[in-house]
Amino acid sequence: MQNIIRLKGIAKSYFVGHPNEFRALNGIDIDIKKGEFVSIIGESGSGKSTLMNIIGALDKPTEGQYFLDGLDVGQERDQELSRVRNKKIGFVFQTFNLIPRMNALRNVELPMTYAKLPYQKRTERAKELLRLVGMGDRMTHQPNELSGGQKQRVAIARAVANDPAIILADEPTGALDTNTGHLVMDIFHRLHEDEGKTIVLITHSNELAEETQRIIALRDGEIVSERAGSGKGGRAA
Amino acid sequence: MSIAENIRLAFASLTANKMRAALTMLGIIIGIGAVIGIMTLGDSLSGYMTSTMQDMGTNNVTLSLKQRQEDDKRTGSGGDMAQMRQQMMAQMMGAGEESPYTEKDLISAAMLSDIREKYADDVDYISVSDSVGSGSATDGKKYANLSLLGVSADYSGANGIDMKDGRFIGERDVDGSRKVAVVSEKLAAKMFGAASPLGKQVFLSTDTHSGTYTVIGVYWYKRDMMDASAMSGGSDNNLSTNVYIPLSTAGRITGNDGSQSVTIVTKAGSDSAAFAKEVESYTNDVFYARNKDYQVSAFSMDSMLDTMTQMMDTLQIAISAIAAISLLVGGIGVMNIMLVSITERTREIGTRKALGATNGEIRTQFITEAVIICLVGGIIGIIFGTVLGAFGASLLGFPASASLFAILLASGFSTAIGLFFGYYPANKAAKMDPIDALRYE
Ligand SMILES: Nc1ncnc2c1ncn2[C@@H]1O[C@H](COP(=O)(O)OP(=O)(O)OP(=O)(O)O)[C@@H](O)[C@H]1O
Ligand SMILES: [Mg+2]
């Protein structure tokens with residue numbers, strides 16, 4: 001099976017207070033197959049979000065190479081990276097990051113707007129996606145009229161709007177209670193199993209990590225362990 | 001992201017912060033409003049002035065008596081302005097008010113015939129008038145108000161008098177100081193009804209004079225700006241119209257043998273402004289060189305119109321400069337608020353970038369927002385300024401005319417301000433690092 005994500009010797013340094021180099025990531029090698037559901041765990045400050053930003057083509061590594069679906073991300077220009085994020089990656093954030101003053105429907109439409117889909121098509125698809133995540137009855141609600149769990153479901157619908165191959169979720173259940181967290185996890189499982197999405201999930205919860213196929217543990221910017229979880233293979237795996 | 005989408009977004013963010021948007025727009029509204037207001041007023045004014053002066057005849061050159069001043073150097077437009085004002089006043093008030101000049105100072109018939117001879121190529125008519133005063137025509141119970149005016153034979157040609165019946169005052173009437181009169185059809189109707197007034201006697205009286213005259217002609221009465229009774233809006237019954245009698249006949253009553261002011265009508269095709277200059281220096285050199293108190297000055301309607309237009313333009317430029325400062329301040333206000341806005345919306349910008357917005361798309365979004373603020377402000381300013389300008393014009397009694405050019409210019413200018421002052425904040429947003437933006441607390 002093809003590796004959709006290939007990280008080779010990735011390092012990320014921050015320079016805080018000049019000569020002090022801080023290595024947030026150091027020598028990371030990860031291969032993720034298409035359709036895999038991988039979780040990344042590690043204590044706070046271990047570099048999980050930094051890693052995810054690199055995988056999501058939001059950030060470039062200081063060292064090493066990253067191939068996303070065969071594309072050498074380090075070599076690409078901003079414009080191309082925007083396109084890659086738009087088409088191939090769906091982000092889900094801990095803090096939801098819905099755009100204020102835009103209702104649920106418009107939020108879900110946004111990635112399709114940037115993909116220049118015609119109005120009719122994107123509205124239809126946005127409605128369909130909102131129904132899929134159980135938000136069919138709240139399409140015209142503004143973000144501040146939704147609960148945390150509801151916001152996250154809208155955010156997930158938005159993440160999959162352009163049918164990206166990869167979903168990157170950085171602690172998507174971090175701001176939710178356990179029950180709601182499970183509800184959101186169920187959606188990820190469905191996307192993985194039914195739609196064959198490749199999912200990288202960052203979580204603090206070992207319980208949720210267990211549900212995935214592979215668990216990668218980080219400490220101080222390095223991989224300390226890698227093991228299989230109990231998750232089922234997806235359709236494409 | 002399409003333009004329509006961006007405009008929709010811009011309006012959404014404006015309405016989300018109405019108070020802030022309104023305050024931001026205020027500078028633009030005031031600036032644009034001021035420009036449009038003054039332009040509307042200026043256009044109304046100069047439109048009215050131009051048409052009025054064209055009615056008065058652009059071929060007319062007025063030659064009039066002027067007191068010598070110690071520092072009598074006609075320099076720059078200030079001199080022109082002062083002179084013009086003086087002439088205007090003389091025209092409006094009617095010549096022949098209490099006059100400190102003496103017989104020898106006046107523009108005499110001899111001078112005029114000399115001028116006519118010398119400038120035969122330029123002069124079409126020389127019209128001379130001498131106001132006797134206002135009074136009435138009476139015949140038993142019948143009466144009609146009038147102004148009695150002594151005129152030369154050229155007067156009718158110079159002033160575009162339209163005869164209905166009979167003839168105007170002729171050379172021989174003047175030479176013979178005949179007691180003949182030309183009356184308006186209004187006066188004729190009141191005094192003689194349907195019967196022809198030609199050859200009839202009419203008894204005219206003013207404060208200083210009364211006498212019986214023979215009616216030799218009837219002219220069509222025209223309401224015009226110089227007509228005092230028309231201005232005061234008197235009813236038709238009290239309407240005062242001019243009655244023309246020969247200049248020499250009037251001279252006997254008033255004791256004037258010359259004139260304070262004459263109108264020279266230049267021939268079509270001759271340059272009246274140049275002629276005015278020439279005739280002025282000629283007359284002063286030849287006839288007034290030894291006169292210590294008086295000299296003459298000439299001005300043409302053409303040059304007056306130019307001066308008027310110039311004055312209007314200068315005024316408009318001055319006001320526009322002030323408005324430009326207001327617009328500059330307004331533009332800086334827009335820039336400031338856009339900078340605040342993008343800082344507040346840093347996470348939104350990060351999110352949009354994560355979702356695939358390019359730098360260009362972010363830039364366009366915020367520039368559109370700045371342009372919409374300015375354009376909405378500009379449109380409000382245009383409405384506000386037009387209403388204000390029209391109100392000002394009607395207050396001054398001129399017909400208001402909106403300046404389409406100014407409206408288009410203002411719309412374009414608002415857009416330009418939005419583009420110019422929106423670019424920097426928008427570019428700052430576009431260049432934000434997506435990670436930093438997403439992390440922003
Ligand atoms: N822009 C930055 N400048 C300097 N240091 C940074 C920057 N971003 C991250 N770091 C540092 O890199 C390290 C890794 O940060 P990261 O956000 O990846 O941690 P994390 O594993 O996601 O933690 P958490 O679970 O709390 O989210 C931290 O020590 C952090 O202080
Ligand atoms: Mg993190």
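Observations
- Sole exception among (1) more than 14 Å from chain A (Cβ to nearest Cβ); (2) in contact with a Gly (Cβ under 7 Å, 6 or more places away or on another chain) for B:Lys428, by number: (2)
- Of the candidates B:Ile325, B:Ile332, B:Ile337, B:Ile317, the single residue that is away from chain A (no Cβ under 12 Å) and surrounded by 15 or more Cβ atoms within 10 Å (Cβ to Cβ) is B:Ile337.
- If the condition is being closer than 24 Å to B:Asn159 by Cβ and assigned to a helix (DSSP H, G or I), then segment B:265-281 contributes B:Ser272, B:Ala273, B:Ala274, B:Phe275, B:Ala276, B:Lys277, B:Glu278, B:Val279, B:Glu280.
- Condition broken by B:Ile245, with the remaining ones in (1) over 20 Å from B:Ser113 (Cα atoms); (2) in a helix (DSSP H, G or I) satisfied: (2)
- Where helices (runs of 4 or more DSSP H) sit wholly within segment A:67-136, those with at least 2 residues that are farther than 30 Å from A:Ile28 by Cα and within 11 Å of chain B (Cβ to nearest Cβ) occupy A:104-114, A:119-132.
- Scope segment B:358-385; condition over 37 Å from the mean Cα position of the chain (by Cα), under 20 Å from B:Ile332 (Cα atoms) and either surrounded by fewer than 22 Cβ atoms within 10 Å (Cβ to Cβ) or of a type in the set (S, T, N, Q) (or both); matching residues: B:Arg363, B:Thr364, B:Gln365, B:Thr368
- Matching residues in segment A:16-37 - criterion: being away from ligand 2 (no atom under 16 Å from the Cβ) and of a type in the set (Gly, Ala, Ser): A:Gly17, A:Gly27, A:Gly35
- Candidates A:Ser13, A:Ser39, A:Ser44 - the one that is in a strand (DSSP E or B), within 16 Å of ligand 1 (Cβ to nearest atom), over 23 Å from B:Met432 (Cα atoms) and among the small types (Gly, Ala, Ser): A:Ser39
- A:Thr50 in contact (Cβ under 8 Å) with a residue 24 or more places away in the chain, polar (S, T, N, Q), in a loop (DSSP other than H, G, I, E, B) and within 13 Å of chain B (Cβ to nearest Cβ): no
- Subset of segment A:194-207 that is within 14 Å of ligand 1 (Cβ to nearest atom) and surrounded by 17 or more Cβ atoms within 10 Å (Cβ to Cβ) - its residue that is farthest from A:Ala165 (Cα to Cα): A:Ser205
- Residue match in segment A:169-186 (condition: touching a helix residue (DSSP H, G or I) at 6+ places or on another chain (Cβ under 7 Å), more than 16 Å from ligand 1 (Cβ to nearest atom), within 17 Å of A:Val108 (Cβ to Cβ) and without any contact (Cβ under 8 Å) to a residue 60 or more places away in the chain): yes
- Looking only at segment A:38-60, and only at residues there that are among the polar types (S, T, N, Q) and within 13 Å of ligand 2 (Cβ to nearest atom), the one that is farthest from A:Ser205 (Cα to Cα): A:Asn53
- Checking every residue in segment A:68-86 against the condition of being within 15 Å of ligand 1 (Cβ to nearest atom) and at pLDDT 95 or above gives zero matches.
- Among the residues of segment B:340-363, those that are assigned to a loop (DSSP other than H, G, I, E, B) and facing another protein chain (nearest Cβ under 7 Å) comprise B:Leu355, B:Gly356, B:Ala357, B:Thr358.
- Among (1) at pLDDT below 85; (2) in the same structural domain as B:Val329 (by TED's automatic domain parsing), the one test that B:Gly33 misses: (1)
- Taken together, A:Leu58, A:Leu71 contain a single residue that is surrounded by 18 or more Cβ atoms within 10 Å (Cβ to Cβ) and either out of contact with any Ser or Thr (no Cβ under 7 Å at 6 or more places or on another chain) or more than 22 Å from A:Glu211 (Cα to Cα) (or both), which is A:Leu58.
- Of all residues in segment A:207-214, none are assigned to a loop (DSSP other than H, G, I, E, B), among the basic types (Lys, Arg) and away from ligand 2 (no atom under 16 Å from the Cβ).
- Checking the stated criteria, A:Leu201 turns out not to satisfy the condition of being more than 16 Å from ligand 2 (Cβ to nearest atom), away from chain B (no Cβ under 14 Å) and either aliphatic (A, V, I, L, M) or under 14 Å from the mean Cα position of the chain (by Cα) (or both).
The values are calculated or read from the model by the stated rules, or taken from the named source; none is laboratory data. Keep in mind that this is a model prediction, so the values were computed, not measured. Methodologically, a virtual Cβ is constructed for each residue, glycine included, from the backbone with ideal geometry; neighbour enumeration extends over all protein chains shown.
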